[in-house]
There are 2 protein chains.
Amino acid sequence: MTATLKDVAELAGVSVKTVSNVVNGYAFVRAENRLKVEAALAQTGYRPNIGARNLRRGRTGFLALVVPDLGIPYFGELAGLVITAAQSSGWNVLIEQTQGERDRELESLGSLGPHFVDGAIVSPEALVAEDVGQVPAGFPVVLLGEQTAGFDLDRVGIDNVAAARAATQHLIDLGRTRIAMIGDNPRRATAQLRLQGYRQALTEAGLPVLDDLVAPADSFHRRDGVLAMRGLLDRLDGERPDAVFCCNDLLAVGALHEAVVSGLRVPEDIAVVGFDGSDEARYSLPPLSTVAPDKGAIATSAVRLISERVSRRDGAGYEDVQAPFVLETRQSTTGITER
Amino acid sequence: MTATLKDVAELAGVSVKTVSNVVNGYAFVRAENRLKVEAALAQTGYRPNIGARNLRRGRTGFLALVVPDLGIPYFGELAGLVITAAQSSGWNVLIEQTQGERDRELESLGSLGPHFVDGAIVSPEALVAEDVGQVPAGFPVVLLGEQTAGFDLDRVGIDNVAAARAATQHLIDLGRTRIAMIGDNPRRATAQLRLQGYRQALTEAGLPVLDDLVAPADSFHRRDGVLAMRGLLDRLDGERPDAVFCCNDLLAVGALHEAVVSGLRVPEDIAVVGFDGSDEARYSLPPLSTVAPDKGAIATSAVRLISERVSRRDGAGYEDVQAPFVLETRQSTTGITER
């Protein structure tokens with residue numbers, strides 16, 4: 001049986017109003033009464049009706065977190081970090097999955113709103129700038145991980161061009177000259193930015209930028225990496241790449257798998273670098289070099305921004321936070337075994 | 001600007017009451033008025049205040065999903081499937097993470113309740129039967145993946161003893177005689193059940209059950225698998241195991257990594273089998289054999305059970321659903337390369 005305010009008041013020997021003041025955190029309660037109420041709250045196990053309380057305050061207490069798919073390790077891990085950060089700021093977190101499809105991302109944006117949640121943290125894969133018009137006016141939204149140009153919203157991401165350039169430069173520094181990329185996808189802004197960074201590094205090094213070396217990926221799962229690598233090896237027989245930059249770690253794991261199964265040595269015949277800084281990359285055989293965004297920083301920045309936006313409720317001064325990244329180099333590119 | 005019932009009523013030329021009847025799905029609305037209202041609803045983009053509506057019905061419309069950590073691929077994937085299934089049954093899903101710690105699992109159970117959510121799907125790691133007393137009386141809870149003995153609640157799981165026995169039997173069938181297990185943990189019921197299945201298979205085959213061959217794991221991450229395998233190899237130098245059954249795929253990936261880095265051939269020197277049926281197992285080098293629970297069946301059964309329990313609101317007739325599992329055999333045990 002759930003205890004009511006009245007039960008607590010009777011046990012504490014104070015008025016319902018006094019209990020209510022303590023529960024709602026109001027300052028002006030006599031210390032003696034506060035102690036009595038707190039003891040009675042503990043004894044009865046009373047829990048305030050959060051839903052009703054938030055309703056009175058014009059808030060729901062809920063945030064939505066919109067991600068492509070929790071089954072993708074990067075998003076599972078990032079969602080875990082965002083939820084942890086949000087809960088320590090007092091939020092409850094609702095999750096929606098879009099599978100990275102623009103229609104479903106649009107649906108999530110359009111259906112969000114003050115009746116449901118106080119704000120949303122959205123990690124889009126396929127949205128374009130004009131889609132932001134779908135957000136109900138004044139509704140707090142923080143975007144994760146996408147290009148910000150034209151998006152008039154708070155955003156947390158990393159510099160994808162610089163990160164892809166660093167990964168490609170690492171391969172160039174190792175003396176590789178036929179460097180492929182896996183993960184081209186015209187519908188994904190992230191992929192386009194990483195393609196741009198890859199091309200910049202090649203151009204700066206005076207290496208040719210060959211369309212033949214850019215392999216598309218419909219989605220970014222391990223299986224897509226296998227297929228993309230198989231395509232590169234089949235198409236470029238005799239002139240195969242000596243290195244490959246993959247747009248995420250799952251693609252890199254698949255590409256590595258296919259290269260080894262095809263009898264190639266990694267990194268001697270072909271070096272492989274991924275993107276995400278996943279734990280899986282650390283323990284693959286050989287361990288994978290990878291670009292590691294600071295996911296903890298992304299999560300805490302996103303929660304800070306959404307909390308500030310919910311408190312302010314204005315449409316001004318959008319922030320664009322660039323979280324740091326590092327390139328973790330391992331045996332799949334350096335050839336150096338570490339223990 | 002969010003449209004109100006009044007806006008919709010004015011546009012449709014009907015009363016607010018009629019709009020309300022349509023929005024709330026009441027039957028007795030004239031077809032002509034229903035059409036007018038539906039057109040006006042579409043035109044204004046009106047969205048009902050779900051929070052308030054559920055409050056009137058005595059429901060919140062929210063389910064809680066309590067898992068150890070979304071960053072663990074098994075739980076990320078399972079959570080993704082549960083959310084998808086729940087949303088197609090009209091639920092919104094809140095997520096809480098416990099890191100598999102009994103205190104936090106207890107806290108989640110204790111803080112759940114009708115003010116917040118209508119029911120909860122909970123995947124505990126460390127709860128014991130008496131902890132179920134923490135669930136507010138009559139509050140709908142479905143447990144995932146744990147032993148049901150003494151838990152007077154609906155449950156969806158697999159037969160962990162039979163599954164571990166099948167994995168161990170597979171190693172015995174391959175002629176292995178010094179079969180180790182990685183993942184013993186007295187606080188985790190799953191680990192205890194899998195240990196039991198491992199022992200049963202050895203005993204049935206007339207093989208000795210040696211405590212030296214059972215390696216503990218504090219948690220079930222890749223790093224723990226590395227440490228456990230290193231411990232087995234150091235401790236049993238000269239008499240090392242010729243096979244190892246790991247309590248999840250992350251432990252198996254770590255164990256495989258450490259075995260290969262230590263110069264062992266897999267499976268010639270040591271065969272490795274995991275548990276979870278993860279995609280990661282399929283693409284590791286060599287690919288890992290693994291016990292694959294039917295995660296889709298677990299997710300849909302859990303959502304069906306919680307929906308039924310919320311509708312009935314009685315404490316009778318608890319169901320214990322056993323989802324199927326299969327043993328996926330791959331190169332890490334069979335030595336057979338597949339493409």
> Counting only residues that are assigned to a helix (DSSP H, G or I) and under 19 Å from the mean Cα position of the chain (by Cα), how many does the stretch B:170-204 have?
Replying inline: 6
> Which one of these is among the aliphatic types (A, V, I, L, M) and not in a loop (DSSP other than H, G, I, E, B): B:Ala166, B:Ala137?
Replying inline: B:Ala166
>> If the requirement is being within 14 Å of another protein chain (Cβ to nearest Cβ), more than 23 Å from the chain's Cα centre (by Cα) and buried (at least 24 other Cβ atoms within 10 Å of the Cβ), which of these qualifies: B:Leu251, B:Leu256, B:Leu233?
In response: B:Leu256
> Mind checking which residues of the stretch B:276-308 are of a type outside the set (A, V, I, L, M, F, W, C) and assigned to a strand (DSSP E or B)?
Replying inline: B:Ser289, B:Thr290, B:Pro293
> Which condition breaks for B:Asp212 when tested against (1) surrounded by 19 or more Cβ atoms within 10 Å (Cβ to Cβ); (2) at pLDDT 90 or above; (3) touching a Leu at 6+ places or on another chain (Cβ under 9 Å)?
Replying inline: (1)
> Just one of the numbered conditions (1) of a type in the set (Lys, Arg); (2) at pLDDT 95 or above; (3) closer than 29 Å to B:Leu94 by Cα is not true of B:Arg330; which one?
Replying inline: (3)
> Inside the stretch A:232-275, can you point out the residues that are assigned to a helix (DSSP H, G or I) and farther than 28 Å from A:Gly76 by Cβ?
Replying inline: A:Leu232, A:Leu233, A:Asp234, A:Arg235
>> Just to be sure I understand, how many residues within the stretch B:174-212 are of a type in the set (Ser, Thr, Tyr) and without any contact (Cβ under 8 Å) to a residue 24 or more places away in the chain?
In response: 1
> Mind checking which residues of the stretch B:261-285 are under 16 Å from A:Leu250 (Cα atoms) and in contact with a Ser or Thr (Cβ under 6 Å, 6 or more places away or on another chain)?
Replying inline: B:Ala281
>> Among the listed residues B:Arg304, B:Arg312, identify the single one that is touching a Ser or Thr at 6+ places or on another chain (Cβ under 9 Å), basic (Lys, Arg), away from chain A (no Cβ under 13 Å) and farther than 27 Å from A:Ile336 by Cα.
In response: B:Arg304
> Which pairs have Cβ atoms under 8 Å, sit 6 or more apart or on different chains, and link a residue in the stretch A:30-45 that is in a helix (DSSP H, G or I) to one that is modelled with pLDDT of 75 or more and exposed (fewer than 13 other Cβ atoms within 10 Å of the Cβ)?
Replying inline: A:Lys36/A:Gly13
> In the stretch B:236-248, what residues are surrounded by fewer than 18 Cβ atoms within 10 Å (Cβ to Cβ) and either among the aliphatic types (A, V, I, L, M) or within 14 Å of another protein chain (Cβ to nearest Cβ) (or both)?
Replying inline: B:Leu236
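The values are calculated or read from the model by the stated rules, or taken from the named source; none is laboratory data. Keep in mind it's a predicted model, so treat the numbers as computed, not measured. Cβ coordinates were reconstructed from backbone atoms using ideal geometry, including for glycine residues, and neighbour counts include every protein chain displayed.
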